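A.B. asks: Starting off with a structure, shown below.
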Amino acid sequence: MTILSDVDIENSMKNNELGIEPFVKKNLTPNGYDLSIDEVFIRKTDEHIKEGIATIPAQTWFAISTKEFVKMGHQITSQLWIRSSYARKGVMASFGKVDAGFHGTLTISCFNSNDEPLEIPIGDRFCQIVFEHLSSIPSELYDKKSGNYQNQRGVKL
């Protein structure tokens, strides 16, 4: 497995091996891409916030959906990592792998561990996606193995 550099990411997009829509060049990092917030769901208040600023109460679970719709190719998988600016504010998040062949926005489970409310601007960069190239094509891609969230948009729990 090899991590894709910014050059590799752009080349993979040109070759239709990877998709990021919308793609914002300034969100490209040396070894990944910063994903931004499209929607915040706060279960405690049953709110879906899609514009402005979401205020997360202290000690509260919430979920975010990325603005970007990603299309993972046959030999590309990825990992998600929280941006340090949110980790420093007390946000804890559950991150995992994005499977080869997955297409959709990403839903991320989060928790405001702070004793104070947290303001999250819609559109802010929240996490980095780091792409990896698999050494071979999997026997079955995401849509065939489970496909539960294929082509999802918005927060899906």
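The values are calculated or read from the model by the stated rules, or taken from the named source; none is laboratory data. Predicted, not measured: the structure shown is a model, and the values here were computed from it. Every residue, glycine among them, receives a Cβ derived from its backbone with ideal geometry; neighbour counts consider all protein chains shown.
A.B. asks: With (1) within 11 Å of the chain's Cα centre (by Cα); (2) closer than 22 Å to residue 61 by Cα as the list, and residue 152 as the residue in question, which single condition is left unmet?
C.D. replies: (1)
A.B. asks: Determine if the range 67-78 includes at least one residue that is outside any helix (DSSP H, G or I) and surrounded by fewer than 15 Cβ atoms within 10 Å (Cβ to Cβ).
C.D. replies: Yes.
A.B. asks: Would you please list the contacts, defined by Cβ atoms under 7 Å and residues six or more apart or on different chains, that run from a residue in the range 61-73 that is closer than 13 Å to residue 154 by Cα and touching a residue at least 12 places away in the same chain (Cβ under 8 Å) to a residue that is surrounded by fewer than 21 Cβ atoms within 10 Å (Cβ to Cβ) and hydroxyl-bearing (Ser, Thr, Tyr)?
C.D. replies: 63/107; 63/109; 65/107; 66/36; 67/36; 68/36
A.B. asks: Still on this structure, please answer the following. Could you say whether any residue in the range 33-41 is out of contact with any Pro (no Cβ under 8 Å at 6 or more places or on another chain), under 17 Å from residue 128 (Cβ atoms), of a type in the set (Phe, Trp, Tyr) and modelled with pLDDT of 95 or more?
C.D. replies: yes
A.B. asks: Residues in the range 87-110 that are hydrophobic (A, V, I, L, M, F, W, C) and either touching a Cys at 6+ places or on another chain (Cβ under 9 Å) or farther than 21 Å from residue 153 by Cα (or both): how many?
C.D. replies: 7
A.B. asks: Hey, could you check the range 12-34 for residues that are out of contact with any helix residue (DSSP H, G or I) (no Cβ under 6 Å at 6 or more places or on another chain) and assigned to a strand (DSSP E or B) and say which is surrounded by the fewest Cβ atoms within 10 Å (Cβ to Cβ)?
C.D. replies: Ranking the candidates gives 21 first.
A.B. asks: I'm trying to understand the selection: among the residues of the range 116-133, which are out of contact with any Phe, Trp or Tyr (no Cβ under 7 Å at 6 or more places or on another chain) and either outside any loop (DSSP other than H, G, I, E, B) or modelled with pLDDT under 95 (or both)?
C.D. replies: 118, 119, 120, 121, 125, 131, 132, 133 - these are the residues of the range 116-133 that are out of contact with any Phe, Trp or Tyr (no Cβ under 7 Å at 6 or more places or on another chain) and either outside any loop (DSSP other than H, G, I, E, B) or modelled with pLDDT under 95 (or both).
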